[in-house]
1. For q = 0.14, 0.21 Å⁻¹, what log10 I(q)/I(0) does the range 144-238 give under the Debye formula with an equal point scatterer on each alpha carbon and no solvent?
2. Longest segment of the chain with no chymotrypsin sites (Phe, Trp or Tyr not before Pro) in a DSSP loop having at most 12 other Cβ atoms within 10 Å?
3. Quick one: of the DSSP bridges fully inside the chain, what percent are antiparallel, nearest 5?
4. Treating the angle as unsigned and between 0 and 90°, give the value, to the nearest 10°, between the Cα long axis of helix 283-295 and the longest Cα principal axis of the chain.
5. Any idea what the alpha-carbon Rg over 2.2 N^0.38 Å comes to for the chain?
6. Which pairs in the list Lys86/Lys271; Lys180/Lys292; Lys90/Lys283; Lys180/Lys207 are over 21 Å apart, alpha-carbon to alpha-carbon?
7. Looking only at Ser183, Ser157, Ser211, which one moves most when the chain is put into a Gaussian network model with springs between Cα atoms under 10 Å?
8. Hey, what's the per residue convex hull volume over the C-alpha atoms of the range 175-297, in cubic angstrom?
Amino acid sequence: MYCTGVGLHLGTSGWNYPTGKGTWNGLFYPATRSKRAGTADFDELRFYAEHFDTVEVNSTFYGQPRPEVSRSWVERTPPGFEFSLKLYQKFTHPKMFRETALKRAPGSEGPLLEALAAVTQSDIDEFRAGIEPLASSGRLGALLAQFPPSFKDSPTSRDYLAHVLRAFDDYPTAVELRHKSWSDAIADTLAMLNAFGAAWVQIDEPKFRFSIRQNYLPNVTSFYYMRLHGRNAAQWWRHDASEDRYNYLYSRQELREFSDIAGAAKALVKKSYLYTNNHFAAKSVVNAVMLKAQLGEPIEGEYPPELVERYPDIADMVTTAPRSPSRLPVE
């Protein structure tokens with residue numbers, strides 16, 4: 001069964017960003033990883049869970065979850081910590097799945113590739129088996145079915161969405177739709193999602209002509225799901241690296257709208273999930289802390305001095321960890 005706790009769960013989308021200009025190493029995590037406090041190997045997930053009570057898992061989008069990995073997540077986090085997981089890309093991004101398959105096996109296009117890209121019961125069973133350690137331990141938050149902007153409202157799309165929701169109807173499922181055709185037909189979209197008890201993911205991101213429009217209201221009483229992607233419109237579609245899209249830091253004033261919404265949603269639903277996805281250079285961590293402060297939620301754990309120095313807005317909100325001897329300035 002999934003986690004049956006109540007209240008607001010606030011965290012970031014992903015916890016592992018080891019490479020690129022926007023790495024978390026040297027900000028939220030140590031720049032070097034061999035040891036922490038000279039006793040044991042540094043574990044990013046354990047450290048993350050000292051600060052937040054939930055995380056949205058990105059890795060399950062790129063590959064089917066494995067039960068041994070899910071089991072290790074449970075063992076490395078405290079009771080009550082919840083994992084929301086993205087559905088595997090084959091379920092929501094078939095074009096991306098085909099492109100990835102072609103890169104791995106050039107020349108494989110054709111009927112065979114189309115057959116491999118079709119979702120089967122075996123695919124569904126594999127995903128369910130992979131998350132079973134989370135579900136059986138009560139540590140599964142929600143499943144996130146994140147569809148691309150190209151997924152437009154149509155009878156075929158609705159039939160497919162219904163198929164996905166039916167396949168995972170015994171888990172709380174949140175659906176992220178990005179094309180405005182879904183909000184243009186808001187009554188029909190809500191009727192369909194409500195019939196499956198699925199939460200319509202409320203998103204903040206740069207708005208373009210065909211971007212979805214939302215009112216941020218919950219559509220079911222069981223749970224609420226919001227994701228903040230940042231507002232880096234200039235690099236949303238054109239960027240040198242995919243991480244550049246998420247290079248945006250919300251101001252306190254910008255976040256106030258979402259903390260007010262999250263606070264109001266707590267009174268309307270049994271459980272709320274709020275994730276910051278502007279992960280470049282740990283900006284999602286910083287904005288999650290700021291949201292906690294605005295909501296009056298406890299801010300737990302010690303934060304590295306490097307993070308506080310980079311983002312002084314949180315200096316009065318967090319407890320700063322002592323600087324390690326290796327990082328003390330040389331006199």
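Bear in mind that the values in this text are calculations on the coordinates, not laboratory data. Everything quoted here is computed from the prediction, not taken from an experiment. Neighbour counts are summed over all protein chains in view; Cβ atoms, including those assigned to glycine, are modelled from backbone coordinates with ideal geometry.
1. Treating every Cα as an identical point scatterer, log10 I(q)/I(0) equals -0.49, -1.08.
2. So the longest stretch without any such site is 1-207.
3. Expressed as a percentage, antiparallel bridges in the chain total about 5.
4. 90 degrees
5. 1.01
6. Lys180/Lys292; Lys90/Lys283, as the Cα separations exceed 21 Å there.
7. Ser157
8. Per residue, the Cα convex hull of the range 175-297 comes to 102 Å³.
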